[in-house]
Amino acid sequence: MKKFAISILGFWILAVLLGRILQLTPNAINLNAILSSPSLITTSAAYLLGADDLGRSILARLLRGVEVSFIVAMVVTVVTMTIGVFIGLIAGFYGGKVDRILMQITDIFLAFPGILLAIAFAAVLGPGLGNLIIALCLTGWVTYARLTRGQTLGLRNRQHVQAAESLGASVPRLILLHILPLLASVLVVEATYSLSSVMIAEASLSFLGLGIQSPNASWGAMLRDAVRYMLVAPHYVLIVGMSLMSLILAINLGGDYLRDKWDVRKVD
Amino acid sequence: MGLLKQLSSFCIVIFGVLLLTFLLIHLIPGDPVEVMLGESASVADRVQLRADLGLNQPLIQQFGTYLAKITHADFGKSIHSKTPIIELIKTRYPATLKLAFLSLLIGSSIGIPLGIYAALKAGHWQDFVVTIVSVRLSAMPAFWLGPMLMLIFAVWLGWLPVSGMDSNASILLPAMTLGFGLSAILTRMTRTSLLEVLNDDYIRTARAKGLTEPNVILRHALRAALLPIITIVGLQIGSLLAGTVITETIFSWDGIGRLLVESIEKRDYPVTQACVLIVALSYVLVNLFTDILYRLSDPRVKFG
C-alpha cells in the first residue's frame, strides 16, 4: 500500500514538473479534434487522451490542472494551519475566558456544514484563483484550531511544561519550545489529510463555477465540462475523475501511513 | 455540559450564524448594488435597490432590521425574479428534504447491515473487503460518484433517467450518490461500535448461558451499539443538506442547493444569503436535536 501510494503521488508530482518543462499549450484549440477519444494514432502526443469540447488537449489541461490543484492545496494548508494552530495554542494555553470565546467563534464556523461557507465566501468575493484561496483559508482554519486546542489543554499540565514555567520561562518560550514540538506529529498527519480535502474543496468550487475560470485549466472545471458532454464523450469524465481519485487516494493513504507510524490518535 | 449551558451556547452560535450571513453581502468587493445590477443599470434602479436592501443605513441598524425581518420569515425579494425569497424557499426546500431523507434511508439500509457483517467477520477477508470498499467510497466526492452512477445506470444500462425531476425515478440517482457516501461512513461506525460491545462481559454472559448467536447479536449487542450509530445518522443529516448543493447541481434536482448555485450565477445575493442561512440553521437544529435525544436515551450521559 505504501509503495502504491508513493508511486501514484510520485507520478503526479512528476507530471507537474513535466508540465513545467514541456511547452504545454492547454488553451490551444483544434477544431478537428473536438471531443475526440483517446487514441495512440494521433498526429501529436498532446491528443493521446483525446480532446475536450473545444478541441483542447485533455492531457495538457490535466497536467496544468494538477499543478493548480497542488498549489491551492499547499497554500491553503500552510495558511490555515498557521492561523488555526496559533488560535488553538492561545485557547488551550490560557484556558478560561479566552478559550471559551475562541471556541465559541470556531463553533459558529462549524455551524456551516461542509463547504457551504466556502461556497458563500467564494460567491460574494467573485471567481478567480486568489479569491478561491481566500475563501478556503477563511473557512479551513477551524479544524486546526480545535485540534491544537484539545492537545494543548492536555499538554499544558504536563510536568515538563510546569517545570519550565516555574523556572521562569516566558509564554512564547513555553509554547514554542515545550508544547509545539509535541504537537508536530499530530499536525503533520492532519495537514496530509487536509491536502486532499482542500483538493476536493477546490475541485468542488471550480465544479460549481466559483473557482478557477475558463480558459484556465482546473480539474473541477474540467469535470464540469466533462459532465455536460458525458453522453457523447464519456472518456472525458472518466479520465479527469480517475486522475482526481487516484491523487486523493494516494494522499489519504500517505496520511494513514503517517498516522499509524507515529501512533497519532485524533483528540478533540 | 448542562442543558442550559448547551442551549445558551446554541443561542450564541445562532446569533453568530446570523451575523456571518448578514455580513456576506458586505464582503462583496466594491459596491454591492453595482455588482448585483451590472454597470448598465439606471440610477433610479440603483437607488431603489440600495434602499430596498437598506444599504444606505448604518451597519448596526441594518443588522437590526435584518434580524427583525428574519423573525417574521421575511428574507426580502429576489433581485432577479422579484418574488419574495420565502416563496422560493418554500417551493425548493421540500425537494431537498425528500432527497436527504431517501439518501438517509439508502445509506442506513446499506451501511448498518454491512457494518454488522464486517464486525462479525472481523479479521477475515470479508471484513477486509468491506472496510477497503467503504474507505474508498467515502473518499469519493459527489461530483465524481454522481457522474459515474449516471454513466452506469442512465447511459449504459438505461434503467434510470439521467437528470431532472420529471419522473418519480429521477430521485434515485441523486439519492444513491448521497446515500452511498453516507453508507460508507455508517458501515465503519457500525463496525467499530459493535466490535467494542462484543468484547463486553455481558455478551460473554449471554453466550455462556446458551443464547443462540443471532439472539446475542441482535438483542444484546446491537441494542447497546445502536446509540452511537443513531447519533452518527443524526449528525449526517446536516451534512447531507450541504452535500445536496453539488449533487442537486449535477442531477438538475430543484432543491435549495441548486437554488443557491443558481442565485450565485445570477448574482442574486439576497437569495444566496437566505439559502446559506437556511441550510446552516437546519444543520445546527438537527445537531442540537440529535444531541438532546442522545442524552435522553443514554442514562450514563446526564444533563448538568
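Laboratory data are not the source of any read-out in this text; all were calculated from the coordinates shown. What you are looking at is a predicted structure, and each value in this text was computed from that prediction instead of being measured. Note that each Cβ is placed from the backbone with ideal geometry, even for glycine, and that neighbours are counted across all protein chains shown.
For every other residue with a beta carbon closer than 11 angstrom to the beta carbon of A:Tyr94, add +1 if it is Lys or Arg and -1 if Asp or Glu, then tell me the sum. Overall, the nearby charge balance is +3. Ranking of A:Val66, A:Val171 by neighbouring Cβ atoms within 10 Å, starting from the fewest: A:Val171, A:Val66. Compactness of the protein assembly as shown is given as radius of gyration and Dmax, 25.4, 85 Å, from Cα positions. Take each residue of peptide B:277-290, count the partner chain Cβ atoms within 10 Å of its Cβ, and average: the result is 2.
Screening chain A for DSSP H helices whose Cα atoms reach 18 Å or more along their own axis and whose mean Kyte hydropathy is at least -1.0 gives A:2-21, A:58-94, A:96-110, A:129-156, A:180-207, A:234-262.
The value of relative contact order for the range B:87-238, using C-alpha pairs under 8 Å at least six residues apart, is 33 percent. The trypsin sites (Lys or Arg not before Pro) of the range B:145-214 that meet both conditions, a loop assignment by DSSP and at most 16 other Cβ atoms within 10 Å of the site Cβ, are B:Lys209.
Sorting B:His80, B:His220 from the fewest to the most surrounding beta carbons within 10 angstrom yields B:His80, B:His220. Shielding of peptide A:166-176 by partners, expressed as the average count of other chain Cβ atoms within 10 Å per residue Cβ, is 0. Only Cα pairs under 8 Å and 6+ residues apart enter the sum, and on that basis the relative contact order of the range B:183-235 stands at 52 percent.
Annotation: chain B has a Kirkwood hydrodynamic radius of 22.2 angstrom, from the mean reciprocal C-alpha pair distance. Distances over 22 Å make up what percent of all Cα-Cα pairs in the range B:56-144? Looking at the range B:56-144, the distances longer than 22 Å represent 58 percent of pairs.
Across the alpha-carbon set of the range B:87-238, the Rg to Rh ratio works out to 1.08, Rh being the Kirkwood radius. In percent, rounded to a whole number, the relative contact order of chain B is 25, using alpha-carbon pairs under 8 Å and six or more apart.
Order these by the 10 Å Cβ neighbour count, fewest first: B:Glu248, B:Glu213.
The order, fewest Cβ neighbours first, is B:Glu213, B:Glu248.
Per-residue extension of 0.36 nm, minus the Cα-Cα distance of B:Trp156 and B:Arg46, leaves a gain of 34.5 nm for this segment.
Over the range B:110-155, what portion of Cα pair distances is larger than 12 Å, expressed as a whole percent? Don't skip to the end; give the middle numbers.
Details: 682 of 1035 pairs.
Across the range B:110-155, Cα pairs with separations above 12 Å total 66 percent.
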